[in-house]
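The values are calculated or read from the model by the stated rules, or taken from the named source; none is laboratory data. All values reported here derive from a predicted model rather than from experimental measurement. When we count neighbours, we look across all protein chains shown, and the Cβ atoms used for this are built from the backbone with ideal geometry, even at glycine. Ligands, DNA and RNA are stripped out before the accessible areas are found, and what is left, the full protein with its side chains, is counted by its heavy atoms. Shrake-Rupley method; radii C 1.70, N 1.55, O 1.52, S 1.80 Å.
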Amino acid sequence: MSERPPNRGALWALFDGSNPVFMTMLTLVVTLIAWTVGASFSSPWFFPSPMAVVQAMVTLTESGDLPKAIGISYFRILVGWSVGCIIAIPIALVAGRIAAIRLVVEPFFNFFRFVPPIALLGIAILWFGIGEESKIAIIIYTSLFTVFINTMAGAASIDESPARAARSLGATRRQVLLHVVLPATVPAILIGMRVGMGFSFMSVVAAEMIAANEGVGFLIYNARLFLKTANAFAGIITLGAMGLLADLVFRSVVRRVFRKHALPF
Amino acid sequence: MHPAIRMKGVGMRFAGGRRTPPYQALEGVDLEVREGEFFCLLGPSGCGKTSLLNLVAGFVQPTAGTVEIGGRAVGEPDKDRGVVFQSDRALFDWLTVEENVAFGLRIRGVPQAQWRAPVDELLRVVGLWDHRAKLPRELSGGMKQRVQIARVLANDPDILLMDEPFAALDAHTRGRMQKEVARIWEKWRRTVLFVTHDIAEAIWLADRIGIMTKGPGSHIRAILEVDLPRPRARMDAAFVDLFNRLTDAIELEARGVEHEGAGV
């Protein structure tokens, strides 16, 4: 006989993890309270309270600085990430299937894995100028790697039998790549794209801090010059929200597009 | 007339890698499968049955000897040789049952007006009509193998290669699938090369049974004619007699190698 949990009433049921929305809200409220209490022991220039941060957000929004920064950072990420994906996916797919190509490409990727995007910023500025191009180039580099490695590993490790089945059903090698390998690799590609997007956020902020006068990264870094600590906090929170929103949109679009795939998220 | 499949002195050696020693899976395989016959390859596990089937399918090339299909040397995998795999992962996970079955026809550019009718008919024949809009992951093991069979039949191949298609199914489902394959085959009548280690399954389905020796260097030891009327009854005296003879033969095969192994 299976054991029944002891009936401790409705109040307890809220805390046993069966109500995720409640638990999330609770965590949020507790964090905000702890933050407010913590901030009350400090000065607003050192550690601003949630209210001060909200105020900074409102001011920055009214002045148009924040919406503009959001727009610019999103634009850089979206363009850089899309281009990175478009370049990485086809090459990685072929490299994953053809060992000879994999052997040529892999050493380069293994080497550059240890070169963080920001290390290339100086060269990117030298090559592409101080404008949008250099920032976008950094994002392309960032997402290209993540997407490439995930896609190649995915394409290399898919089950051989669907590809063989397709060949025996009359598919050519090219058709197998397009109609079997590609769809079978879709989950791995999407994981790579999702992770690549996360890294793109990191890269764009770093690039904007070092070499930009616009964008959320710039806004955060610039705030320190005027000791507007609340602005920096506002920027950081905005960044988190931007990432969350981007991920949410990505997931819901992808789920709709790949309805029939078993997606890992 | 040429036999449907002919193998002469076929050897299959896997080169091995840095950590895996080379392995001679097949050696001196001679086999002739007649046009339209149901041929079962029977042998202990790991005797190279699947390697032999992969050679006929064209997935791998022999390292010695020749493999011919209808008198011509076997080439790349093609639609004339349909394969039903043991693993249900061979299905296209991202396509519905119907799309899986229509895959071969669609990939070859057959317009929907022409593939609609045969695909619909096959879905009914294998009992998947009500499940045609489902995805493979929503199906039971038995249903997935039906999809595999229908997918291959839709392509109307000359030869059907079946690699232990029911090994992963439970006994009850396996019995039902065997009956269905027998029924479908009697209707369609094409050459079938069916790999199994299940003796009863082989007797139930085959016109002839080829008994393979245990590896390394497997070949076909003997070929047995199954001269029982169809549909076959499992408790028939002739069935049981054949079953016992095959069981002894296979056991001898498996044990013989153990003795050899002990001597090494």
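Taking the options A:ILE138, A:ILE101, A:ILE130, name whichever one is touching a Pro at 6+ places or on another chain (Cβ under 9 Å) and in the same structural domain as A:SER82 (by TED's automatic domain parsing).
Working: A:ILE101 fails: touching a Pro at 6+ places or on another chain (Cβ under 9 Å); A:ILE130 fails: touching a Pro at 6+ places or on another chain (Cβ under 9 Å).
Just one listed residue meets the conditions, A:ILE138.
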Among the listed residues B:LEU169, B:LEU122, identify the single one that is in a helix (DSSP H, G or I) and at pLDDT below 95.
B:LEU122
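Residue by residue, here is whether (1) at pLDDT 95 or above; (2) in contact with a Leu (Cβ under 9 Å, 6 or more places away or on another chain) holds:
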residue: A:GLU214; (1), (2): no, no
residue: A:ASN222; (1), (2): no, no
residue: A:LEU225; (1), (2): no, no
residue: A:LYS228; (1), (2): no, no
residue: A:ALA234; (1), (2): yes, yes
residue: A:ALA241; (1), (2): yes, no
residue: A:LEU245; (1), (2): yes, no
residue: A:LEU248; (1), (2): yes, no
residue: A:VAL253; (1), (2): yes, no
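For segment A:203-238, give me each residue that is free of Cβ contacts under 8 Å to residues at least 40 places away in the same chain and open to solvent by 30 Å² or more (accessible area, probe 1.4 Å). Before the answer, list the steps.
Kept after step one, since they are free of Cβ contacts under 8 Å to residues at least 40 places away in the same chain, are these residues of segment A:203-238: A:209, A:213, A:220-226, A:232, A:236.
Answer for segment A:203-238, where residues must be free of Cβ contacts under 8 Å to residues at least 40 places away in the same chain and open to solvent by 30 Å² or more (accessible area, probe 1.4 Å): A:MET209, A:ASN213, A:TYR221, A:ASN222, A:ARG224, A:LEU225, A:PHE226, A:ILE236.
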B:GLU201: modelled with pLDDT of 90 or more, over 27 Å from B:PRO22 (Cα atoms) and surrounded by fewer than 20 Cβ atoms within 10 Å (Cβ to Cβ), yes or no?
no
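Please indicate, with yes or no, whether at least one residue in segment B:160-171 is facing another protein chain (nearest Cβ under 10 Å), closer than 30 Å to A:VAL257 by Cβ, of a type in the set (D, E, K, R) and buried (at least 20 other Cβ atoms within 10 Å of the Cβ).
As a first pass, look at segment B:160-171 and keep what is facing another protein chain (nearest Cβ under 10 Å): B:161, B:163.
Those still in the list that are closer than 30 Å to A:VAL257 by Cβ too: none.
Checked segment B:160-171: no residue is facing another protein chain (nearest Cβ under 10 Å), closer than 30 Å to A:VAL257 by Cβ, of a type in the set (D, E, K, R) and buried (at least 20 other Cβ atoms within 10 Å of the Cβ).
Sort out for me the helices (runs of 4 or more DSSP H) sitting completely within segment A:142-228 that have 2 or more residues that are over 30 Å from B:ILE107 (Cα atoms). I'd like the intermediate steps shown before the answer.
On the way: elements: A:160-168, A:173-176, A:182-210, A:216-223.
Ranges flagged: A:182-210, A:216-223.
Any idea which residue in segment B:69-90 is farthest from the chain's Cα centre (by Cα), counting only those that are among the aliphatic types (A, V, I, L, M) and facing chain A (nearest Cβ under 7 Å)? Before you say what the answer is, go through the steps one by one.
Let us first name the residues in segment B:69-90 that are among the aliphatic types (A, V, I, L, M), namely B:69, B:73-74, B:83-84, B:90.
Okay, now just the ones that are also facing chain A (nearest Cβ under 7 Å), so B:83, B:90.
Numbers: B:VAL83: 7, B:ALA90: 14 Å.
Checked segment B:69-90; the qualifying residue farthest from the chain's Cα centre (by Cα) is B:ALA90.
Would you say A:ARG167 is free of Cβ contacts under 8 Å to residues at least 60 places away in the same chain, within 30 Å of B:ASP158 (Cα to Cα) and open to solvent by 40 Å² or more (accessible area, probe 1.4 Å)? Before the answer, list the steps.
On the way: free of Cβ contacts under 8 Å to residues at least 60 places away in the same chain: yes; within 30 Å of B:ASP158 (Cα to Cα): yes; open to solvent by 40 Å² or more (accessible area, probe 1.4 Å): no.
Taking the combined requirement at face value, the residue does not satisfy it.
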Given the residues B:THR20, B:THR66, which is the only one that is farther than 18 Å from B:HIS197 by Cβ, more than 14 Å from every other protein chain (Cβ to nearest Cβ), outside any helix (DSSP H, G or I) and without any contact (Cβ under 8 Å) to a residue 40 or more places away in the chain?
B:THR20
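Say we look at segment A:159-176 and pick out the residues that are of a type outside the set (A, V, I, L, M, F, W, C) and at the interface with chain B (Cβ under 7 Å from one of its Cβ atoms); which of these is nearest to B:LEU161 (Cα to Cα)? So that I can check it myself, show each step before the final result.
Filtering segment A:159-176 down to residues of a type outside the set (A, V, I, L, M, F, W, C) leaves A:159-162, A:164, A:167-168, A:170, A:172-175.
Next, only the ones that are at the interface with chain B (Cβ under 7 Å from one of its Cβ atoms) stay: A:159, A:161-162, A:164, A:167-168, A:170, A:175.
On the way: A:ASP159: 19, A:SER161: 14, A:PRO162: 15, A:ARG164: 13, A:ARG167: 14, A:SER168: 10, A:GLY170: 15, A:GLN175: 22 Å.
Result: A:SER168.
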Would you mind finding the one in B:ASP156, B:ASP207, B:ASP198 that is within 14 Å of chain A (Cβ to nearest Cβ) and out of contact with any helix residue (DSSP H, G or I) (no Cβ under 7 Å at 6 or more places or on another chain)?
B:ASP156
If you go through segment A:74-84 one residue at a time, do you hit one that is at pLDDT 90 or above, buried (at least 17 other Cβ atoms within 10 Å of the Cβ) and of a type in the set (A, V, I, L, M)?
yes
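Please indicate, with yes or no, whether at least one residue in segment A:100-120 is within 14 Å of chain B (Cβ to nearest Cβ) and charged (D, E, K, R).
no
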Inspect segment A:249-260 for any residue being away from chain B (no Cβ under 14 Å), within 25 Å of A:GLY131 (Cβ to Cβ) and touching a helix residue (DSSP H, G or I) at 6+ places or on another chain (Cβ under 7 Å) and give the result as yes or no.
no
Any idea how many residues of segment B:97-118 are open to solvent by less than 20 Å² (accessible area, probe 1.4 Å) and facing chain A (nearest Cβ under 7 Å)?
2
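How many residues does segment B:22-44 contain that are farther than 30 Å from B:TRP188 by Cα and in contact with a Lys or Arg (Cβ under 9 Å, 6 or more places away or on another chain)?
Step one: list which residues in segment B:22-44 are farther than 30 Å from B:TRP188 by Cα, which gives B:22-28.
This time we only want the ones that are in contact with a Lys or Arg (Cβ under 9 Å, 6 or more places away or on another chain), so: B:22-27.
Of the residues in that region, 6 qualify.
So that you can scan it fast, the table gives a plain yes or no per residue for (1) surrounded by fewer than 20 Cβ atoms within 10 Å (Cβ to Cβ); (2) farther than 22 Å from B:PHE166 by Cα; (3) modelled with pLDDT under 90:
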{"site": "B:MET12", "(1), (2), (3)": "no, yes, no"}
{"site": "B:GLN24", "(1), (2), (3)": "yes, yes, no"}
{"site": "B:GLU35", "(1), (2), (3)": "yes, yes, no"}
{"site": "B:VAL56", "(1), (2), (3)": "no, no, no"}
{"site": "B:VAL60", "(1), (2), (3)": "yes, yes, no"}
{"site": "B:PRO77", "(1), (2), (3)": "no, yes, no"}
{"site": "B:ASP80", "(1), (2), (3)": "yes, yes, no"}
{"site": "B:VAL84", "(1), (2), (3)": "no, no, no"}
Could you figure out which of (1) open to solvent by 60 Å² or more (accessible area, probe 1.4 Å); (2) modelled with pLDDT of 95 or more; (3) within 14 Å of chain A (Cβ to nearest Cβ) isn't true of B:ASP130?
(3)
